[in-house]
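What follows is a short report on a single structure.
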Amino acid sequence: MKPSDFTPAVKMKSYACQRRTPLKHHNLFLTDALETLAQNAEFSENEGRSVAFRRSASVLKALPHVVRAMDELKDLPCLGEHSLRVIKEILEDGTSSEVESTRQSEQFQAMKALTGIFGVGVRTADRWFREGLRSPLDLIHTGQKLNHAQQAGVQYYKDLNTPVTKKEAVVISDIVEKTVKAVLPGAIITLTGGFRRGKEVGHDVDFLITHPEEGAEERLMPKIVNCLEDQGLLLYQKTTVNSYLESKDGPARPASNMDRFERCFSIFKLEVDSETHAEGSLSNSCSTHHSGSTWRAVRVDLVVSPYSQFAFATLGWTGSKLFERELRRWAGQEKAMSLSSHALYDSKQQRYLRANSEEEIFTHLGLEYIPPSERNA
Ligand code: CTP
Ligand code: MN
Ligand code: MN
Ligand code: MN
């Protein structure tokens, strides 16, 4: 008997926000391949193609078993002709020639290296690639003009491409918690992003900050940033003010998917235990101080939300990115609603739907509640 004969048919829902997607799943050998093609599509700014590959990968992440044969896939949603062809090749040959040649290609490798610099997006990386640049070192050697973010990105390149551990995230949580509460007693600080979904490592640490007294959180970020700077904890920061407050146009739907909270994209200077930190570390930013302690650079995102929007902000900043995208698509296409990290608008009733918890938002959307640890779509 084939393994598939033992596998009960899985009725898979078609939106990722209707499914439970654990962090650890059974088909990494397939999802890695599809996500390589998704990333390559992003590098050529082909969003439709990229999302198609990401949706395919996400369906395989939600399967409770290893895929061994093509017939196990026949009732699954979202698997397009191209994804199926790639999966088939991997099941038959162990690898996909398209995926392998993508990974080998000079363009893919250069785009990975260049977009891996903090502050560098696909457009900039592509322009540099066409000018013959391949790596952060090439930028330095050719004296490229860099903005402040990119300068920090190049300077701390190695540290910022070293995964942040859960342990480091906890240390940073303590620092952020103490600092924010010193600036605004009673403030609530939530760890969001990948660590809230249970990831062991991340590319940064994400925090959402609010205060039960609506309005107490207004213009809080500059005070937090000052306090962090006074403690010598920031290597870089860029604060963006709340464009709601600035424009005074109320809780309208944002024009883009980008939310408009007061936020700070920063790089923390994190003290690292000298005993656990390898001596003679190659890290370009690690320096030995008088006390023999060392430090490393870590990306930290801080977001401030009014209390009334906190549930939406929490949902919006927990991710994964595909899960968020699917939630908004579900809201729009299936419910005639518009979901953002600020609010949920019901077009039929022509009103905003309030929520004090993520659970309430799922209920408004007619979705079964999915806990953060199962939003790893
Ligand atoms: N996000 C957002 N607006 C941005 C950046 C991020 O709303 N300008 C949201 C993303 O949609 C995601 C969450 O913030 O839900 C965290 O994003 P990010 O830190 O990029 O990803 P993680 O899921 O935390 O993964 P990683 O471990 O790589 O940081
Ligand atoms: Mn195709
Ligand atoms: Mn993150
Ligand atoms: Mn982030």
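The values are calculated or read from the model by the stated rules, or taken from the named source; none is laboratory data. Quantities reported herein were computed from a predicted structural model and do not represent experimental measurements. We place every Cβ from the backbone using ideal geometry, glycine too, and count neighbours over all the protein chains shown. With ligands, DNA and RNA removed, areas are computed over all heavy atoms of the protein, side chains included. Shrake-Rupley method; radii C 1.70, N 1.55, O 1.52, S 1.80 Å.
What order do LYS335, LYS11 take when sorted by accessible area (1.4 Å probe), most exposed first?
These residues rank, largest area first, as LYS11, LYS335.
Using Cα springs under 10 Å in a Gaussian network model of the chain, which residue among SER338, SER101, SER173 shows the largest mean-square fluctuation?
Sorting by GNM fluctuation, first place goes to SER101.
Please work out the Kirkwood hydrodynamic radius for the chain, using every pair of different C-alpha atoms, and report it in angstroms with one decimal place.
22.8 Å
Over its Cα atoms, what ratio of radius of gyration to 2.2 N^0.38 Å does the range 108-162 give?
0.98
Suppose all protein chains stay in the model; what accessible area per residue would a 1.4 Å probe give for the range 59-164, in Å²?
With the other protein chains kept in place, the range 59-164 gives 53 Å² per residue.
Using only alpha-carbon positions, what ratio does the radius of gyration of the range 77-131 give when scaled by 2.2 N^0.38 Å?
Normalised by 2.2 N^0.38 Å, the Cα Rg of the range 77-131 equals 1.47.
Using a probe of 1.4 angstrom, how much of the accessible area of the chain is carbon and sulfur, in percent?
Carbon plus sulfur share of accessible area: 51 percent.
Mind jotting down the three principal axis lengths of the range 28-84 based on Cα atoms? Whole angstrom, largest first.
32, 19, 15
On each of the three principal axes of the Cα atoms of the range 289-377, give max minus min coordinate, whole Å, ordered largest first.
65, 27, 17
Send over the semi-axes of the range 1-119's equivalent ellipsoid, whole angstrom and largest first, taken as the square roots of 5 times the C-alpha gyration tensor eigenvalues.
After scaling each eigenvalue by five and taking roots: 27, 16, 12 Å.
Tell me, what does the Kirkwood hydrodynamic radius of the range 47-199 come to in angstroms if you use every pair of distinct C-alpha atoms?
In the range 47-199 this quantity evaluates to 19.5 Å.
Can you find, among GLN18, PRO163, PRO306, the residue sitting farthest towards the positive end of the charge dipole of the chain, where Lys and Arg contribute +1 and Asp and Glu -1 at Cβ?
Among GLN18, PRO163, PRO306, the one farthest towards the positive end of the dipole of the chain is GLN18.
Heavy atoms only, 1.4 Å probe, whole protein assembly: order VAL164, VAL241 by accessible area, highest first.
VAL241, VAL164
Let me check the size of the range 134-199 from its C-alpha atoms; what are the radius of gyration and Dmax in Å?
Looking at the range 134-199, its Cα Rg and Dmax stand at 16.9, 50 Å.
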